[in-house]
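All remarks here apply to the structure that follows.
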Amino acid sequence: MSQPNKPIEDLDEVLKNHKLTPPEYEDILRILEGRHPNIVEIGIFSAMWSEHCSYKSSTKYLRGFPTEAPWVIQGPGENAGVIDIGDGMAAVFKMESHNHPSFIEPFQGAATGVGGILRDIFTMGARPVANMNALRFGTVKGDSDIAKYQRHLVRGVVDGIGSYGNCMGVPTIGGEVSFDESYNGNILVNAFSLGLVKSDEIFLGVASGVGNSVMYVGSKTGRDGLGGAVMSSDSFTEESKSLRPTVQVGDPFTEKLLLEACLELFKTDHIVGIQDMGAAGLTSSAFEMAGKTGAGLIMHLDKVPAREEGMTPYDFMLSESQERMLICAKKGREQEIIDIFERWELDVAVIGEVTDTARMELMWHGEPCANMPIAPVSEEAPVLDRPVARPSYLDEVNGKSVTDYKAVADQEAYETLLSNIEVSDKAWVYNQYDSMVQTNTTKAPGSLDASSIRIKENGKALAMSSDCNPRYCYIDPYKGAALAVVESGRNVAMSGARPLSITDCLNFGNPENPEVMWQFAQSCEGIKEACLALTTPVVSGNVSLYNETNGVSVFPTPAIAMVGLNEDENKVLPSSFQKDDSAVLMVGKTKGEFGGSLYIKALHGETAGSLPEFNYQAELALWELVIEANKKGLLHAAKDVNVGGVALALSKMAAVSSKGIVATVEVGESRNIFDESQSRALLEVSQGNVAAVEGMAKSLGLPTQVIGRVGGTLVKVNDVEMPLSKVKDIYFGTFAKTIEQDI
């Protein structure tokens, strides 16, 4: 170790490699009371103050997120959020990014993303019961090198997600996949998991009680993932593939053992708290556990189980090896804990204890190798007020409308949109995921709109949906982010469940670019507005910045996952046609809204237009109609109208159900069958129940029109038509043909 009060040699280079600025180093000297840090301490500050761990660019804008409601048990600040779902049960859920690792090494990057989010769930005491993912890729069509590489990334990411989730025995029940050139240099891989726990058996990541032991459990520590949090806090360049060593390597079979061992441990009274070793590994877990309570810790790093020879204190503190936990154990219960983890064939060791010093004292073979105050490191990371500037491109894109483009015949437009990879069924993806393990999935991938699982313990069901339209967010980050909340909630409502709370994964470009920070700030305000208006608070989330390559940032992508509750597992509402001869009602107004639409993108190659003002009361009324009509048994199916408009929504319902539809829709101009007006839904209703549903809609101020009848071998919407068999071939065949063309 370097000597106290003597700066490290080549300090400027060391700071550069650790992404620390000279002003931050001055702050470190202040915290250490004038003493120069050694390399271990530099590494700790670097990790804890990285963008990935400290949210130093985003904290300013995250403040003010609505986080409370009568059903919220635990909001942001813990490993995951928790909501009450009745009968002494709670749902624990969160979404996180693994973007940079997945671009560098798609299989392991995506796999360890799944592993990390699962640990966030079972660290809280919950058994994971459902996974989803939100994936964004670049151009995959064509023979260009970019398209070939993007197809390689799709295959690797999907393989990684499926391999880890399937081995863990957790069903992947839904998600979304979208494509845009803005992701050519930086794909997005966002993983969501939800678990169930008894409301009075939730565990938190805290360390307290002087003399209590600090215990390490799980896999041995290696050098894999070293510096991962810092790597994820920087932009990509052509040299980024050299960062492969910073991507963690996962072992789902070990994590399955860790899951079962932890759940067994939680049935005892042996521990005070437990924390996943995620980003920044042992550093973040130790500092966060102690920081929450004001405790101190002393840890003997030479007692940490090691997988490699010659590892240093720096390696142990900064490694992001997977499948590891840090436990604060009650004094005297250590052997019982050791017995549990050894029975599950996992490493376990007492590596330290809780003190009253409020300091982190790290020892190496009996000698001190770091001594730092905990609170400033964990709680006082720099909060930056970065410059913001409205992007100059908005003047051009907002100034355009659908009428500025050459007219396209409706039939041609329909065939182009139906065969677009954004629209096509993603069976190639979700068929690689086990969606039925645990036997609770009641609305599986490919069923349209939200996915759903039953809750065996109380006869209810949980619905969940992950949504974001990056095109909307590009042309209007504020309204686009708000609409991501709206869309996720609407999808949940279409399953008959009442939307309750969200988790988010805020993916943006380089925060050092004022235009990107403006996009981020606007998106946060949009989320706040929507969550307040819809009473769906934020209970957990993640920020991922620096999603750019060679100066090109991704579209603003604030992914939102909504969770809702259906009081009766037997009343989960389908989103595809169920019975021939039933009527189809369209609820809501078609207004000719094409801003950021797939219509403009697919037919004219641009992302342009503007988003109109949004009516939250109309949206809430739509939710209320579907939820209450479903409770009364008046509906066969419900599907929201969104990307590609009513023509594409009806086509999806027909393809999934193998039932035709002939519909006549009053939409004004003919192309409005493809418009993306909000707060609309298609309801399948038996002929005898049409009047009742229309009466409910009228009482809520919602316009309705009966547009057609289910059945036959044709999909026809106004003047657009196609045989059902061809619709199915296009809808179910496009994606696989595109992604597998190199194989």
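Residue count for the range 548-567 satisfying the condition of being more than 22 Å from A608 (Cβ to Cβ) and at pLDDT 95 or above: 9. Can you name every residue in the range 631-657 that is open to solvent by less than 10 Å² (accessible area, probe 1.4 Å) and in contact (Cβ under 8 Å) with a residue 60 or more places away in the chain? Within the range 631-657, A637, A638, D640, G644, V646, A647, L648, L650, S651, M653, A654, A655 meet the criteria. Of all the numbered requirements in (1) of a type in the set (A, V, I, L, M, F, W, C); (2) open to solvent by 50 Å² or more (accessible area, probe 1.4 Å); (3) part of a loop (DSSP other than H, G, I, E, B), V350 misses one, and that requirement is (3).
Here the helices (runs of 4 or more DSSP H) wholly within the range 411-518 that include at least 3 residues being more than 23 Å from I673 (Cα to Cα) and in contact (Cβ under 8 Å) with a residue 12 or more places away in the chain are 427-430, 477-494. Inclusion of N166 among residues that are open to solvent by 10 Å² or more (accessible area, probe 1.4 Å) and either small (G, A, S) or outside any loop (DSSP other than H, G, I, E, B) (or both) is warranted. Would you check which residues across the range 296-307 are farther than 8 Å from T221 by Cα and either of a type in the set (F, W, Y) or surrounded by fewer than 18 Cβ atoms within 10 Å (Cβ to Cβ) (or both) and list them? Passing the criteria: D302, K303. The residues in the range 685-743 that are farther than 30 Å from Q617 by Cα, hydroxyl-bearing (S, T, Y) and either open to solvent by 60 Å² or more (accessible area, probe 1.4 Å) or at pLDDT below 95 (or both) can be counted, and the count is 2. Out of G125, G142, one residue alone is in contact with a helix residue (DSSP H, G or I) (Cβ under 8 Å, 6 or more places away or on another chain), open to solvent by 10 Å² or more (accessible area, probe 1.4 Å) and assigned to a loop (DSSP other than H, G, I, E, B). It is G125.
Taken over the range 391-400, the criterion of being among the hydroxyl-bearing types (S, T, Y) and either surrounded by 15 or more Cβ atoms within 10 Å (Cβ to Cβ) or without any contact (Cβ under 8 Å) to a residue 12 or more places away in the chain (or both) is satisfied by Y393 alone.
In the range 535-586, the qualifying residues are those that are over 24 Å from the mean Cα position of the chain (by Cα) and polar (S, T, N, Q), and the one that is surrounded by the most Cβ atoms within 10 Å (Cβ to Cβ) is S582.
A search for C-beta distances below 6 Å between a residue of the range 658-683 that is touching a residue at least 12 places away in the same chain (Cβ under 8 Å) and within 16 Å of G644 (Cβ to Cβ) and any residue that is part of a loop (DSSP other than H, G, I, E, B) and of a type in the set (K, R), counting only pairs 6+ apart in sequence or on different chains, returns S677/K591. Considering only residues of the range 212-228 that are in contact with an Asp or Glu (Cβ under 6 Å, 6 or more places away or on another chain) and assigned to a loop (DSSP other than H, G, I, E, B), which is farthest from Q438 (Cα to Cα)? The qualifying residue farthest from Q438 (Cα to Cα) is R223. Against the condition in contact with a strand residue (DSSP E or B) (Cβ under 9 Å, 6 or more places away or on another chain) and under 23 Å from M464 (Cα atoms), how does V516 come out, does it pass? For V516, the condition - in contact with a strand residue (DSSP E or B) (Cβ under 9 Å, 6 or more places away or on another chain) and under 23 Å from M464 (Cα atoms) - is not met.
The set of residues from the range 471-515 being β-branched (V, I, T) and over 14 Å from the mean Cα position of the chain (by Cα) comprises I475, V486, V492.
The residue of the range 59-113 that is most open to solvent (accessible area, probe 1.4 Å), among those that are in a loop (DSSP other than H, G, I, E, B) and modelled with pLDDT under 95, is R63. In the range 192-216, of all residues being small (G, A, S) and crowded, with 17+ Cβ neighbours inside 10 Å, the one that is farthest from L565 (Cα to Cα) corresponds to S213. Beta carbons closer than 9 Å, at least 6 apart along the sequence or on distinct chains, pair a first residue in the range 157-176 that is farther than 15 Å from K256 by Cα with a second that is open to solvent by 10 Å² or more (accessible area, probe 1.4 Å) and among the acidic types (D, E) for G160/E105; T172/D434; E176/D467.
The values are calculated or read from the model by the stated rules, or taken from the named source; none is laboratory data. Predicted, not measured: the structure shown is a model, and the values here were computed from it. For neighbour counting, all protein chains shown are included, and Cβ atoms are generated from backbone atoms with ideal geometry for every residue, glycine included. These area figures cover heavy atoms from the full protein model, side chains too; ligands, DNA and RNA do not enter into them. Shrake-Rupley method; radii C 1.70, N 1.55, O 1.52, S 1.80 Å.
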